[in-house]
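Below are the structure tokens for one structure; questions will follow.
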Amino acid sequence: MSVSAPPAAISELRERIARLEGGNVRARTVLPFGVAAIDKVLPGGGLVFGLHEVAGGGNGAVDGAAAALFAAGIAARTVGKVLWCVTRPDLFAPAIEQAGLPPGRVFYVEAGDEKSVLACFEEGLRGGFGAVVAEMARLPMTASRRLQLAAESSGAIGIAIRRWRRQTKATDFGQPTAAETRWRVSVLPSTPLPVPGVGRARWHLELIRCRAGESADFIVEACDAKGRIALPSDVADGPLQKEIGRRRASA
């Protein structure tokens, strides 16, 4: 006895065939960074509303601080409430607020394990949130496909913050997933000030993978109170920024 495929599976298959054939598919919304140098390397001029991966570089692979602030800045520029799922109760909410996400916009969920985080992640993407952020070490291909489809169907942005107990485990970041983009955020010395003090934080932002696009590197200033990053004026067209671009182009 034959069994009919569910309508959702048929719809997904039709969309994939249309993409392969170059046919018309529904337009997908993007969220620009507002930085021309970054937006121009992203298909559509911004982050597609779908699944994205972020991890910290160096020690940030363990603490996840810069990756969390980068994710918070993206989520802050979406519309609606934000769901943030964690397994460890060490997220510093005041720092998230400084990156543009006030307490009134965020629902925090502390799950017992990564399986529960993935379940909350998918439910959140289907549940009407503007963005869903979830911290995890592993992101299997099958799970990432479910998350990507959930984000596409609801028109939300999903951000998987990849974070490991030990830095040596960060090699898992190289495994394939269904995410639209993959980013690595490394901390740099802060913006110099003309007087003693600590300037705006800087990051080395690496776009490691971009579906239908190319990888790229940038030196940026960390998110401001509205979730916006920026190119530092002293390096925007300087030798450091250009050298990074050359290294990535020849990689």
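The values are calculated or read from the model by the stated rules, or taken from the named source; none is laboratory data. Because the structure is a prediction, the values reported are computed rather than measured. Note: ideal-geometry Cβ built from the backbone for every residue, glycine included; neighbour counts use all protein chains shown. Areas reflect the complete protein model, heavy atoms only, side chains present, ligands, DNA and RNA absent. Shrake-Rupley method; radii C 1.70, N 1.55, O 1.52, S 1.80 Å.
Can you name the number of the only condition in (1) closer than 17 Å to A68 by Cβ; (2) open to solvent by 20 Å² or more (accessible area, probe 1.4 Å); (3) without any contact (Cβ under 8 Å) to a residue 40 or more places away in the chain that V187 fails?
Tallying (1) closer than 17 Å to A68 by Cβ; (2) open to solvent by 20 Å² or more (accessible area, probe 1.4 Å); (3) without any contact (Cβ under 8 Å) to a residue 40 or more places away in the chain, V187 fails exactly one: (3).
A further question on this structure: Restrict the check to the range 41-51 and report whether at least one residue is of a type outside the set (S, T, Y), in contact with a Phe, Trp or Tyr (Cβ under 7 Å, 6 or more places away or on another chain), more than 18 Å from A131 (Cβ to Cβ) and in a helix (DSSP H, G or I).
Within the range 41-51, none of the residues are of a type outside the set (S, T, Y), in contact with a Phe, Trp or Tyr (Cβ under 7 Å, 6 or more places away or on another chain), more than 18 Å from A131 (Cβ to Cβ) and in a helix (DSSP H, G or I).
Just to be sure, is A61 within 15 Å of the chain's Cα centre (by Cα), surrounded by 15 or more Cβ atoms within 10 Å (Cβ to Cβ) and not in a loop (DSSP other than H, G, I, E, B)? Walk me through it before giving the result.
Numbers: within 15 Å of the chain's Cα centre (by Cα): yes; surrounded by 15 or more Cβ atoms within 10 Å (Cβ to Cβ): yes; not in a loop (DSSP other than H, G, I, E, B): yes.
Yes; evaluated as a whole, the condition is true for this residue.
Return the residues of the range 201-214 that are in contact with a Leu (Cβ under 9 Å, 6 or more places away or on another chain), open to solvent by less than 80 Å² (accessible area, probe 1.4 Å) and not aromatic (F, W, Y); say none if nothing qualifies.
A201, R202, H204, L207, C210, G213, listed by residue number.
Quick one: count up the residues across the range 81-93 that are surrounded by fewer than 18 Cβ atoms within 10 Å (Cβ to Cβ) and either modelled with pLDDT of 95 or more or aromatic (F, W, Y) (or both).
Within the range 81-93, residues that are surrounded by fewer than 18 Cβ atoms within 10 Å (Cβ to Cβ) and either modelled with pLDDT of 95 or more or aromatic (F, W, Y) (or both) number 2.
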